[in-house]
Amino acid sequence: MRAKIVAGNWKMNKTLEEGLSLASEVVNMVADEVSGDVKVVLCTPSIYLHAVGKLVSGKVSLGAQNAYEKESGAYTGEVSPAMLATVGVKYVILGHSERREYFGETNAQLAERVNLVLKQGQTPLFCCGETLQQREKGIHLDFVKQQLTESLFHLSAEQIAKVVIAYEPIWAIGTGVTASKEQAQEMHALLRAHLASKYGQVAESISILYGGSCKPDNAQELFACKDIDGGLIGGASLKARDFVDVIKSF
Ligand code: PGA
């Protein structure tokens, strides 16, 4: 059985006060309303992690939006997986398309980050996904496979089993346009087959989340797809009601 996971990516939103009240609302609503074995993650801005970490409990865990590829040292402004561990971070988003686009993160750099995150016993939420242009040219499947190959395929089978993948087509992020369930399922199945080509049966145990304008209206049909094991949720994670309704879509 693959883990079902719904992670909220707050991105660069909310004041501290708003973030704390959102986190407590989510924790309480999840405790009251969500049954079953779904795991919930709150990926807050790094400056709020310590405070939000004191509020999470039950099915809800703490996640970071990024981490640097060095353990410590003269890297002004960066935060290491080891530091995140000290404030209770259990999941780390790596390679979000916004990080790749605006901050030039490369597949090679992400490979190093995955290693350090795993070393801390945290779960990498490894993001991949194509642009609209790549999809229109028909090179999207190969492009996304390559992202996995270059950042993850150095891992052992034991290590890859601890990674969670998030497929996020860039054209669907924050645009209100969601991939259809057929488009999403096609890519998820392809990613699983690609993982199986290297890791065999282990691929069956790896959770692959969908992200990109996933909200209460469409989560149910997406989560019902065979190879979709949950979601990475941006906009809809900023309101407790919407986020919890997405979680309840399983
Ligand atoms: P969105 O963002 O749900 O607002 O499209 C998803 C993400 O970027 O993780």
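The values are calculated or read from the model by the stated rules, or taken from the named source; none is laboratory data. As the structure is a prediction and not an experimental result, all values here were calculated from the model. So basically every Cβ, Gly included, is an ideal-geometry build from the backbone, and we count neighbours across all protein chains shown. Just so you know, the surface numbers come from the protein's heavy atoms only, side chains and all, with ligands and any DNA or RNA stripped out. Shrake-Rupley method; radii C 1.70, N 1.55, O 1.52, S 1.80 Å.
Can you confirm whether Val177 is more than 17 Å from Asn107 (Cα to Cα), within 15 Å of the ligand (Cβ to nearest atom) and open to solvent by 30 Å² or more (accessible area, probe 1.4 Å)?
Working: more than 17 Å from Asn107 (Cα to Cα): yes; within 15 Å of the ligand (Cβ to nearest atom): yes; open to solvent by 30 Å² or more (accessible area, probe 1.4 Å): yes.
So Val177 fits the description; yes.
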If we keep just the residues of the stretch 180-233 that are within 18 Å of Leu141 (Cβ to Cβ) and among the charged types (D, E, K, R), which is most open to solvent (accessible area, probe 1.4 Å)? Lys226
For Ser249, which of the numbered conditions (1) within 11 Å of the ligand (Cβ to nearest atom); (2) modelled with pLDDT of 95 or more; (3) of a type in the set (Ser, Thr, Tyr) fails to hold? (1)
Going through (1) at pLDDT 95 or above; (2) on the phi < 0 side of the Ramachandran plot one by one, Gly200 fails only at (2)
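Kindly establish whether Val79 is open to solvent by 30 Å² or more (accessible area, probe 1.4 Å), more than 28 Å from Trp171 (Cα to Cα), in contact with a strand residue (DSSP E or B) (Cβ under 8 Å, 6 or more places away or on another chain) and touching a residue at least 24 places away in the same chain (Cβ under 8 Å). If you could, list the steps in order and put the result at the bottom.
On the way: open to solvent by 30 Å² or more (accessible area, probe 1.4 Å): yes; more than 28 Å from Trp171 (Cα to Cα): yes; in contact with a strand residue (DSSP E or B) (Cβ under 8 Å, 6 or more places away or on another chain): yes; touching a residue at least 24 places away in the same chain (Cβ under 8 Å): yes.
For Val79, the condition - open to solvent by 30 Å² or more (accessible area, probe 1.4 Å), more than 28 Å from Trp171 (Cα to Cα), in contact with a strand residue (DSSP E or B) (Cβ under 8 Å, 6 or more places away or on another chain) and touching a residue at least 24 places away in the same chain (Cβ under 8 Å) - is met.
Applying the selection to the stretch 101-116, what residues are within 16 Å of the ligand (Cβ to nearest atom) and either closer than 14 Å to His50 by Cα or surrounded by fewer than 19 Cβ atoms within 10 Å (Cβ to Cβ) (or both)?
Quick first cut of the stretch 101-116, residues within 16 Å of the ligand (Cβ to nearest atom) only: 101-103, 105, 110.
Within the stretch 101-116, Glu101, Tyr102, Phe103 meet the criteria.
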Kindly provide the set of residues from the stretch 116-137 that are part of a helix (DSSP H, G or I) and farther than 21 Å from Ser61 by Cβ, ordered by number. Leu132, Gln133, Gln134, Arg135, Glu136, Lys137
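Condition check: without any contact (Cβ under 8 Å) to a residue 40 or more places away in the chain, buried (at least 24 other Cβ atoms within 10 Å of the Cβ) and either closer than 24 Å to Gly230 by Cα or within 18 Å of the chain's Cα centre (by Cα) (or both). Does Leu84 satisfy that?
Numbers: without any contact (Cβ under 8 Å) to a residue 40 or more places away in the chain: yes; buried (at least 24 other Cβ atoms within 10 Å of the Cβ): yes; either closer than 24 Å to Gly230 by Cα or within 18 Å of the chain's Cα centre (by Cα) (or both): yes.
Yes, satisfied.
Answer with yes or no whether Ala172 is of a type in the set (A, V, I, L, M), out of contact with any Cys (no Cβ under 7 Å at 6 or more places or on another chain) and within 14 Å of the ligand (Cβ to nearest atom). Full working, then the answer.
Working: of a type in the set (A, V, I, L, M): yes; out of contact with any Cys (no Cβ under 7 Å at 6 or more places or on another chain): yes; within 14 Å of the ligand (Cβ to nearest atom): yes.
For Ala172, the condition - of a type in the set (A, V, I, L, M), out of contact with any Cys (no Cβ under 7 Å at 6 or more places or on another chain) and within 14 Å of the ligand (Cβ to nearest atom) - is met.
Keeping to the stretch 148-162, report how many residues are buried (at least 22 other Cβ atoms within 10 Å of the Cβ) and either closer than 27 Å to Trp10 by Cβ or without any contact (Cβ under 8 Å) to a residue 24 or more places away in the chain (or both).
2
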Test result for Glu98, surrounded by 18 or more Cβ atoms within 10 Å (Cβ to Cβ) and either without any contact (Cβ under 8 Å) to a residue 12 or more places away in the chain or assigned to a loop (DSSP other than H, G, I, E, B) (or both): no
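What is the residue count in the stretch 24-47 for residues that are within 18 Å of the chain's Cα centre (by Cα) and part of a helix (DSSP H, G or I)? Quick ask: steps written out before the conclusion?
Going through the stretch 24-47, the residues within 18 Å of the chain's Cα centre (by Cα) turn out to be 26, 37-46.
Then drop every residue that is not part of a helix (DSSP H, G or I), which leaves 26, 46.
So the answer is 2.
Give the residues of the stretch 27-60 that are in contact with a Phe, Trp or Tyr (Cβ under 7 Å, 6 or more places away or on another chain) and within 16 Å of Gly88 (Cβ to Cβ), sorted by residue number. Break it down stepwise before answering.
Keep residues of the stretch 27-60 that are in contact with a Phe, Trp or Tyr (Cβ under 7 Å, 6 or more places away or on another chain), which gives 36, 38, 41, 43-45.
Hits for the stretch 27-60 are Val41, Cys43, Thr44, Pro45.
Hey, could you check the stretch 1-25 for residues that are of a type outside the set (Lys, Arg) and closer than 19 Å to Arg99 by Cα and say which is most open to solvent (accessible area, probe 1.4 Å)? Quick ask: steps written out before the conclusion?
Within the stretch 1-25, the first condition is being of a type outside the set (Lys, Arg), and the residues that meet it are 1, 3, 5-10, 12-13, 15-25.
Within this subset, residues satisfying the condition of being closer than 19 Å to Arg99 by Cα are 7-10, 12-13.
Values: Ala7: 0, Gly8: 0, Asn9: 10, Trp10: 1, Met12: 181, Asn13: 64 Å².
Top of the filtered list is Met12.
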Looking at Lys14, Lys70, which one is touching a residue at least 60 places away in the same chain (Cβ under 8 Å) and not small (Gly, Ala, Ser)? Lys14
Tally time: how many residues in the stretch 217-246 are of a type in the set (A, V, I, L, M), within 14 Å of the ligand (Cβ to nearest atom) and within 22 Å of Asn28 (Cα to Cα)? 6
